1. I'd like the Karplus ³J(HN,Hα) series for region 88-93: coefficients 6.51, -1.76, 1.60, θ = phi - 60°, whole numbers in Hz, and an x wherever there's a Gly or Pro.
2. In what sequence do I74, I105, I41 fall when counting other Cβ within 10 Å, fewest first?
3. Which of rounded, prolate or oblate describes region 40-102 when judged by the alpha-carbon gyration tensor and an a/c cut-off of 1.5?
4. Points 7 angstrom from Cα along the Cβ direction at K69 and S49: gap in nanometres?
5. With labels modelled as points extended 7 Å from the Cα through the Cβ direction, what inter-label distance (nm, one decimal) is found for L111 paired with D93?
6. Please go through region 68-113 and write out the trypsin sites (Lys or Arg not before Pro) that DSSP classes as loop and that have at most 11 other C-beta atoms within 10 Å.
Amino acid sequence: MAKTPVVPAQEPARKGPRGPEKTRNLGKDSRHGPLLEVLTIAEERGLLSGARTHMLRGRMPVGLVQQAKLKSGIASDSKLLEAALANLAVADDYAQWLLAQRGTISSEFDLEF
């Protein structure tokens, strides 16, 4: 009996660009600019690279999904979820930090008013 050589498994062929380039056909001048920036930051941090191996599922109200698609300009459910997660992952916490600073300056501090 002849031995068959073992062929290592290969990743499936890619179907074109991945990440925000494909997700966004949104111009910087559009109202989707902030989403474009979020996806760019996520891409620069390497959050959108690598194999798409993690499966994430959930049931959502149809109105929520439709409104999010309209507002984002994204048609794909997977890309919409990716954009939403990227938005959470790269969110700026400045507002929370600023509110946490309330009352941290001593009342005796001279502000020269």
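1. Coupling constants for region 88-93: 5, 5, 10, 4, 7, 9 Hz.
2. Numbers: I74 23, I105 9, I41 17.
Going from least to most buried by this count: I105, I41, I74.
3. On the way: a/c = 2.21, a/b = 1.36, b/c = 1.62.
The shape class here is oblate.
4. Between K69 and S49, the simple spin-label model gives 3.2 nm.
5. Roughly 2.6 nm, to one decimal.
6. Numbers: sites: K69, K71, K79, R102; in loops: R102.
Answer in residue order: R102.
Coordinate-derived values only; no laboratory data. Being a predicted model, the structure only gives us computed values, none of them experimental. A quick note on method: Cβ atoms are made from the backbone with ideal geometry, for glycine too, and the neighbour counts reach across all protein chains shown.
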